[in-house]
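Reading through the structure tokens given below for one structure.
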Amino acid sequence: MTEENFGKALRADRFALGFTQQEFCSELAKFAKTVVSQQTLARWEKGAIPHHSSRVNLFQFLKHSLQARGLQSDVLNFEFPESTKNKNTAKELMKILDDQALEISKLKDVIRTLIS
């Protein structure tokens, strides 16, 4: 999946529903009880990937809206990769823990010196 393909698929789904961007945002807001601006939808249609909670709301809305009309969704065919933010290997995590343990040890030494 590329971001550009996601944007095109979202736009195709919106067109299949017969909504303008503003109408789509209004219906999404009614369904998900959350606000998505027309500008945000425009960014998504240009390829920006929504944050996780917005993605969940968007997927649920599209699934409900398109299935109710007997239509297929291009967006729902995408599998989003897990966020790579904060993903570390076990070796990287162990190094972080070792570094933090060393810092804690140094702080303990300083505190012992101060209270002695």
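The values are calculated or read from the model by the stated rules, or taken from the named source; none is laboratory data. This one's a predicted model, so the numbers in the text were calculated from it and none came from an experiment. Cβ sites come from the backbone with ideal geometry, for glycine too, and all protein chains shown count toward neighbours.
Residues in region 19-37: is at least one in a loop (DSSP other than H, G, I, E, B), within 21 Å of Gln72 (Cα to Cα) and over 19 Å from the mean Cα position of the chain (by Cα)? Steps first, please.
Initially, region 19-37 is screened for residues in a loop (DSSP other than H, G, I, E, B), giving 19-20, 33-37.
Still in the running and within 21 Å of Gln72 (Cα to Cα): 19-20.
From what's left, over 19 Å from the mean Cα position of the chain (by Cα): 19-20.
Checked region 19-37: at least one residue is in a loop (DSSP other than H, G, I, E, B), within 21 Å of Gln72 (Cα to Cα) and over 19 Å from the mean Cα position of the chain (by Cα).
For region 45-56, the criterion of being under 19 Å from Thr20 (Cβ atoms) and of a type in the set (S, T, N, Q) is met by no residue.
Scan region 78-100 and give yes if some residue there is modelled with pLDDT of 90 or more and over 25 Å from His51 (Cα atoms), otherwise no.
For region 78-100, residues modelled with pLDDT of 90 or more and over 25 Å from His51 (Cα atoms): present.
Given the structure, is Lys33 of a type in the set (Lys, Arg), in the same structural domain as Leu10 (by TED's automatic domain parsing) and modelled with pLDDT of 85 or more? Considered against the rule, which asks whether it is of a type in the set (Lys, Arg), in the same structural domain as Leu10 (by TED's automatic domain parsing) and modelled with pLDDT of 85 or more, Lys33 comes out as yes.
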